[in-house]
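Asker: Here you go, one structure.
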Amino acid sequence: MKITGTHIRTLNTGDKVLILLAENKEEQKKLHHYLLIDAYQFKQDVAEDIPKVDFISAGYKDEDDKIIYDRNLIEIPKWFEKN
């Protein structure tokens, strides 16, 4: 899987989502699965380095350069819960 970029989006609730961009829809699905199941250390690092981010997800840019991302958001542990 190759990550081609990142994007932070603020939801209507005020929560922030870090979207990791994959090359296409197929790769986006693989990346989202990896983030959901296997990316424990990555989520810990995000919690420490970007504490204002509440969720992560995977996405891609379509042919119109619009970011499409998985709405099944993955919660990031809060940095203060780790101590």
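Asker: Kindly indicate the residue of the stretch 14-38 that is part of a loop (DSSP other than H, G, I, E, B) and free of Cβ contacts under 8 Å to residues at least 24 places away in the same chain and also most open to solvent (accessible area, probe 1.4 Å) among those meeting that condition. Lay out the reasoning, then the answer.
Answerer: Narrowing the stretch 14-38 to residues part of a loop (DSSP other than H, G, I, E, B): 14-15, 22-24, 38.
If we keep only those that are free of Cβ contacts under 8 Å to residues at least 24 places away in the same chain too, we end up with 14, 38.
Values: Gly14: 45, Asp38: 94 Å².
Result: Asp38.
Asker: Within the stretch 43-57, how many residues are surrounded by fewer than 15 Cβ atoms within 10 Å (Cβ to Cβ), in a helix (DSSP H, G or I) and not charged (D, E, K, R)?
Answerer: Number of matching residues: 1.
The values are calculated or read from the model by the stated rules, or taken from the named source; none is laboratory data. This structure is a prediction, so every number in the text was calculated from the model and none was measured. A quick note on method: Cβ atoms are made from the backbone with ideal geometry, for glycine too, and the neighbour counts reach across all protein chains shown. Heads up: the accessible areas ignore ligands, DNA and RNA and are worked out on the full protein's heavy atoms, side chains in. Shrake-Rupley method; radii C 1.70, N 1.55, O 1.52, S 1.80 Å.
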